[in-house]
1. Taking the full set of protein chains and a 1.4 angstrom probe, give the accessible area of V645 in square angstrom, rounded to the nearest 10.
2. Based on the alpha-carbon gyration tensor of segment 444-519 and its eigenvalue square roots a ≥ b ≥ c, which shape applies: rounded if a/c is under 1.5, prolate if not and a/b is larger than b/c, or oblate?
3. Just reorder V638, V625 by solvent-accessible area, largest first, 1.4 Å probe, all chains present.
4. If you add up the charges near I451, with Lys and Arg at +1 and Asp and Glu at -1, over every other residue whose beta carbon is less than 11 angstrom from its beta carbon, what do you get?
5. Net charge within 12 Å of F228 by Cβ-Cβ distance, Lys/Arg positive one each and Asp/Glu negative one each, not counting F228 itself?
6. What does the highest-first list of 820-826, 792-798 look like by mean Cβ count within 10 Å?
7. Please work out the C-alpha center-to-center distance from segment 661-737 to segment 414-487 and express it in whole Å.
8. Taking square-rooted eigenvalues a ≥ b ≥ c of the alpha carbon gyration tensor, is segment 730-774 rounded, prolate or oblate, where a/c under 1.5 means rounded and, failing that, a/b exceeding b/c means prolate?
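The values are calculated or read from the model by the stated rules, or taken from the named source; none is laboratory data. This structure is a prediction, so every number in the text was calculated from the model and none was measured. Every residue, glycine as well, gets a Cβ built from its backbone with ideal geometry; the counts of neighbours run over all protein chains shown. For accessibility, only protein heavy atoms count, side chains too; no ligands or nucleic acids. Shrake-Rupley method; radii C 1.70, N 1.55, O 1.52, S 1.80 Å.
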Amino acid sequence: MSKFWARKGSSSNKGEDKGASRGSSSSSDNGTKSGRSRSGRSKKEKSSSSSSSRGGDKPARSSNGSRSGIQEVATGVAVGGGSGRSSGRSSDVDPKAAAKSSASQAGKVAGPGAISIGGGMATFRVPVPGNVRPGEEFQVFAGGRIVRVKCPRDSRPGQSLQITVPVDSIEGAGGEGGGAGGVGGAKLPDLPPDSDNVTKIPNQDLAPGEQPAYMVKIPEGIRGGQQFPVTINGQQLTVTCPNMARPGMSVRIVPPPPPEEKNATSLDRPRRAPQRIANPNKQGDKTQMFEVVVPKGVKAGQPFALLAGGVRVLVTCPKNATNGQKIRFNLPVGLVNRPDGPKSKLAEIKLSYDKDGWTRTIRATDMKFQWTRFDERGNVDERTRFDTERSAYVLKLDYLDDNDRMRQGRVSLVTPEKGVVDSKIKSANGTELVSYTDIATAQMKSYEDKIQWFQDTCAQLCVEWNEGHMRMNVRRDYLLSDSMEAVMSLTRKDLRKVWRFEFIGEAGIDAGGLAREWFELVTEEVFDPDMGLWQTSATNQMCMQINPASEISCPDDHLIYFRFIGRVMGKAMFDRQLVKGHMVKHLYKHILGWPVMFNDLKDVDEEYYNSLKGLKDMGADVEYVGVDFTVMEETLGVKQTVELVPNGADMDVVEDNLPEYIEACLKYRLLGRYDAQLNELLLGFFDVIPEPLLTIFDFQELELLMCGLPNIDMENWMEHTEYSGEYDREGPEHEVCVWFWEIVSEYDQEMRARLLQFVTGTSGVPAKGFSSLQGNDGNVRKFTIHGVTLDTCVYPRSHTCFNRIDLPLYEEREECEEKLKIAITMAATGFDIE
């Protein structure tokens with residue numbers, strides 16, 4: 001029989017938590033405090049009077065003399081009521097049990113921070129029996145063996161305790177009887193005895209599978225409606241006293257069937273541990289040879305794209321080859337022999353139409369992904385000078401080190417051919433978990449199948465439960481600072497462990513609900529403009545963009561908060577949670593490493609975009625405008641001149657260098673204004689999610705994955721839609737508008753969300769419905785269908801600033817359906833369908 005002691009989990013005890021009021025601490029295996037102090041706090045913290053107590057008691061020192069915000073006490077946590085002090089005196093601890101638990105974080109009070117609970121420990125929840133007083137011991141059946149628990153001095157019958165038991169006590173060894181997890185089918189130990197007030201009813205005629213009934217005497221001090229614990233057949237049960245009953249009376253109960261392994265409730269172990277599975281698509285190193293003729297116009301060393309086995313491949317012309325000459329190259333068998341399955345709507349469109357816009361292709365030389373776009377002749381577009389219609393840039397993150405806790409890196413905008421992404425993902429032990437074949441196949445899947453593949457892969461990347469998990473302890477009044485301290489103290493491996501949350505001072509077991517609440521509350525507070533880290537987009541009130549002046553709001557730690565935000569967003573995706581905040585479109589593109597173009601400026605600042613277009617239309621007269629390579633930034637009334645290029649103040653804009661000026665403006669507005677913040681956000685995000693794993697999504701799918709599919713009320717949408725142009729007179733009664741709503745009603749949730757993204761710039765729906773949809777000026781701009789003639793445009797086009805779709809006057813419903821589908825899906829390729 002093992003012997004363990006219980007500990008109290010609330011850190012709100014008087015005199016024990018004053019030193020932690022400003023922040024939190026995270027414990028490593030030796031109990032030392034890790035992470036940095038942050039000054040940023042939530043709105044609740046700023047208004048809390050206790051947050052000003054910088055003096056007071058210092059955090060208790062751990063046994064090794066280092067300062068720690070987590071105090072050493074006996075094993076176990078009381079999670080249900082009680083506000084007294086814990087009796088964690090060393091004289092109360094059994095030496096053997098203390099030796100086993102000293103290496104585990106579970107043996108410490110659950111103060112704010114992240115506690116690493118090693119794979120050698122398991123945690124259970126047990127109620128204090130009705131006949132046990134504080135300081136007395138009682139037996140429970142936990143993890144396949146009997147353990148002895150000492151009731152804390154401030155606990156009472158019915159209160160739940162948290163006990164931590166070494167895995168070796170669960171999985172088999174120790175004692176004469178062994179454990180339930182023992183080897184060779186070891187015999188289970190005897191169950192704990194029934195409570196003294198329990199009597200089994202004799203001579204019961206039971207049907208197969210039916211449980212016997214018991215008579216339970218109501219203890220002293222229990223009134224009608226109150227609950228009290230009993231032990232029956234090895235199970236710790238809670239009985240509710242009937243309203244008309246009184247102490248001394250007996251009630252008849254039929255207990256549930258006993259569990260096969262334990263009667264203590266495990267607090268930590270997930271419902272289904274992630275399983276490591278073999279890569280089903282691996283074909284070894286087998287390759288298939290292809291032969292192709294070098295196209296006209298392709299020079300030695302120049303890349304060209306082709307379809308090989310149904311796969312878009314980028315091939316570099318050998319230096320000794322010429323036009324019309326045949327060359328050979330090899331591709332993996334698994335890549336060209338991909339299984340057929342349901343394809344995404346975007347893939348179906350791209351298979352039906354010649355032009356792809358920007359497409360991720362596989363380089364035959366190293367099997368890495370690279371962006372490619374084709375010119376008018378179908379060749380790889382390699383123009384070097386900036387062009388507002390076709391030039392693009394992708395965000396590239398270069399790592400400067402491989403620090404396991406805080407990697408350093410640098411972001412920059414590069415031309416698409418330099419934005420190369422690896423096509424393989426390795427597990428923690430270095431084995432190949434995902435190959436280029438898997439990713440290339442997943443890219444063609446439907447959205448639902450992509451999500452399933454992504455989640456299955458994340459489950460395989462998740463650290464095995466037996467290797468350890470994390471307990472995240474936070475105070476609700478200090479949610480943001482506690483959470484940031486905890487998350488930022490973790491290593492990259494810790495970020496991929498299973499997290500269990502506890503709000504200190506509250507009774508609650510995290511079976512998924514607390515995790516959802518934590519992600520929702522944290523991301524909602526982080527994206528609050530009052531926090532100063534993010535601000536509402538100038539063109540879409542539903543979307544958030546990084547505040548370039550975030551340093552003013554959080555001067556000491558704004559960059560650390562962005563690293564924290566990135567980790568939380570990545571962990572949310574990893575754990576199938578949602579983020580409470582929609583970002584502007586180009587930020588999703590940056591996360592994916594997707595090309596950004598001049599047109600993306602329109603979604604950031606339409607007025608600025610139009611002014612740059614106006615300069616282009618001026619031709620040679622642009623030199624008389626008096627513009628140089630600088631931009632004026634104003635923050636809190638203070639103006640500052642920023643040079644777009646070195647010595648930009650000395651360079652006047654003329655017709656010859658106008659493309660370079662527009663290029664510099666594009667880079668500054670889409671990255672330069674907040675490159676430090678975005679750098680930290682991406683470093684945090686990729687601490688959790690491997691970059692190759694994201695290559696299967698487009699930026700619209702990424703928003704849907706992070707924020708969830710919206711619940712769109714079609715009646716509310718149609719009711720609050722306005723009509724203009726050719727549809728102004730007839731409105732919803734016009735034949736084309738009738739077709740439009742019929743088509744949209746037949747769409748699934750994904751396509752409806754994509755339509756919203758196409759017209760409004762985001763998949764988010766206002767809390768009050770479509771009646772409160774806003775435009776770029778902050779005023780209500782309802783969803784608008786604007787009628788145009790086919791001479792004006794052939795495909796529907798959108799104006800996200802006004803939440804307006806220009807819908808041509810089609811003559812047939814089928815044409816309307818086809819053109820609308822193309823416009824919605826091709827919006828994710830960067831290809832101008834006009």
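1. Surface open to solvent at V645 totals about 40 Å².
2. Note, shape of segment 444-519 comes out prolate.
3. Ranked from most to least accessible, the order is V638, V625.
4. That works out to -2.
5. Taking every other residue near F228 into account, the sum is +2.
6. 820-826, 792-798
7. 22
8. oblate
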